[in-house]
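Asks: Can you read through this structure? Questions will come right after.
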Amino acid sequence: MSLQPGTGPSVAAALQRYVLPTELGPCTVRVQQGTGGRPPASGTPDVYLHGAAGSWTDFVPLLSGAQPQARVLIDLPGWGESTKGARLEQFSIEAMARAVTGVLNSLGYLRWNLVGHSMGGFLALHIAATSPERTASVAAISATTFGVAEAARRPLRGLSGFPAFAGMLLLMRSVAALGPAGSALVRAVRATPVTGLLLSPFFANPAAISKSVIRGLGRNARPAGFCAAAEAAAHYDFGPWRGIICPVLATRGDSDVFTPPSDLARLADVVPHVRMVTIRQCGHFANIEQPDQVQLLLDDLRSL
């Protein structure tokens, strides 16, 4: 079976597109209205936050079924369609969180369910800690947290204990240092089999991942953004996460190279109301490899 998120006409037609200002630059947002027809002030949308090599399209496999609440899909400043005018030199977890909550304020939402993948899961947990009264729940899908932060502080040491992330970070730093030549190199590699080889460790069954998915992930490989996110994680204080009051779902794939079991165990020590799930036959992208199981877990989370 070939797995692909594809953005077919039915999905695209159901989404309203907005471009909203934030302190980190213009932010492109897509909204899928819920079947309940509630105005924003009385609804609690699902808000999807992608990772440091992603965009809103990473969540398309989760959009097939109708649901009462709206869905908000954000291309974070510096990624996807939010690259023009992005101010990555000002990037921090705190600034990105303000950008997200500012977007939601502009759309009229008072509360939200957060669904974050990888870096987006990290960001969702931070928002839950800093806006506890407005965050109804968090689903952190393969959130890159403690292990990534430690490897980002000491990437050479991380090559032995956390080789996938540390190796990726050193590669991204090298490419980012090349400036425009590095960007040209990334564009050239996107259309070659090298991209598939580089991404294969992130999937439990790489052969099942369609070429369109690989091309999409390749398009979203942004070395400067990846490095900015890693630097922000390296200096982050996880202490405020003890103040999270909403229910939290934390998942990882059983073949996940970026979210080790120890991250979930440490998260359970910090976050009061967390359910931990390891998804079988899955790597770092459960939203692509196992979307049906992820959707069932999200449904269970909302019912709490």
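The values are calculated or read from the model by the stated rules, or taken from the named source; none is laboratory data. Here the structure is a predicted model, which is why all the values come from computation and not from measurement. When we count neighbours, we look across all protein chains shown, and the Cβ atoms used for this are built from the backbone with ideal geometry, even at glycine. Please note that ligands, DNA and RNA were not included when accessible areas were found on the heavy atoms of the full protein model with its side chains. Shrake-Rupley method; radii C 1.70, N 1.55, O 1.52, S 1.80 Å.
Asks: Within the set of pairs 6+ apart or on separate chains, which have a first residue in segment 120-136 that is closer than 19 Å to residue 146 by Cβ, a second that is hydroxyl-bearing (Ser, Thr, Tyr) and open to solvent by 20 Å² or more (accessible area, probe 1.4 Å), and C-beta atoms under 7 Å apart?
Replies: Taking only residues 6 or more apart or on different chains, the pairs are 127/101.
Asks: Give the residue, chosen from 79, 112, that is touching a residue at least 24 places away in the same chain (Cβ under 8 Å), over 30 Å from residue 163 (Cβ atoms) and among the aromatic types (Phe, Trp, Tyr).
Replies: 112
Asks: Now for a separate question. Quick check on segment 169-205: of everything there that is under 20 Å from the mean Cα position of the chain (by Cα) and assigned to a loop (DSSP other than H, G, I, E, B), which residue is surrounded by the fewest Cβ atoms within 10 Å (Cβ to Cβ)?
Replies: The qualifying residue surrounded by the fewest Cβ atoms within 10 Å (Cβ to Cβ) is 204.
Asks: Could you tell me which residue of segment 236-256 is nearest to residue 164 (Cα to Cα), considering only residues that are free of Cβ contacts under 8 Å to residues at least 60 places away in the same chain and not in a helix (DSSP H, G or I)?
Replies: 255
Asks: Which residue pairs have Cβ atoms under 8 Å apart, sit 6 or more places apart or on different chains, and have a first residue in segment 257-275 that is touching a residue at least 60 places away in the same chain (Cβ under 8 Å) and a second that is open to solvent by 70 Å² or more (accessible area, probe 1.4 Å)?
Replies: Pairs that qualify, where the first residue is touching a residue at least 60 places away in the same chain (Cβ under 8 Å) and the partner is open to solvent by 70 Å² or more (accessible area, probe 1.4 Å), are 267/276; 271/242.
Asks: Quick one: is residue 217 free of Cβ contacts under 8 Å to residues at least 24 places away in the same chain and either hydroxyl-bearing (Ser, Thr, Tyr) or surrounded by 14 or more Cβ atoms within 10 Å (Cβ to Cβ) (or both)?
Replies: Working: free of Cβ contacts under 8 Å to residues at least 24 places away in the same chain: no; either hydroxyl-bearing (Ser, Thr, Tyr) or surrounded by 14 or more Cβ atoms within 10 Å (Cβ to Cβ) (or both): yes.
When the stated conditions are applied, residue 217 does not pass them.
Asks: Let me ask something additional. Yes or no: residue 222 open to solvent by 30 Å² or more (accessible area, probe 1.4 Å) and out of contact with any His (no Cβ under 6 Å at 6 or more places or on another chain)? Before you say what the answer is, go through the steps one by one.
Replies: Numbers: open to solvent by 30 Å² or more (accessible area, probe 1.4 Å): yes; out of contact with any His (no Cβ under 6 Å at 6 or more places or on another chain): yes.
Judged against the criteria, residue 222 is a match.
Asks: Suppose we filter segment 48-76 for residues that are over 11 Å from the mean Cα position of the chain (by Cα) and under 16 Å from residue 106 (Cβ atoms); how many remain?
Replies: Total satisfying the criteria: 2.
Asks: Only one of 262, 200, 255, 210 is in contact with a helix residue (DSSP H, G or I) (Cβ under 6 Å, 6 or more places away or on another chain) and polar (S, T, N, Q); which?
Replies: Going through 262, 200, 255, 210 in turn, the sole match is 200.
Asks: Give 230, 208, 250, 234 a once-over and let me know the one that is open to solvent by less than 20 Å² (accessible area, probe 1.4 Å), within 25 Å of residue 115 (Cα to Cα), touching a Pro at 6+ places or on another chain (Cβ under 9 Å) and modelled with pLDDT of 90 or more.
Replies: Of the residues listed, the single one that is open to solvent by less than 20 Å² (accessible area, probe 1.4 Å), within 25 Å of residue 115 (Cα to Cα), touching a Pro at 6+ places or on another chain (Cβ under 9 Å) and modelled with pLDDT of 90 or more is 230.
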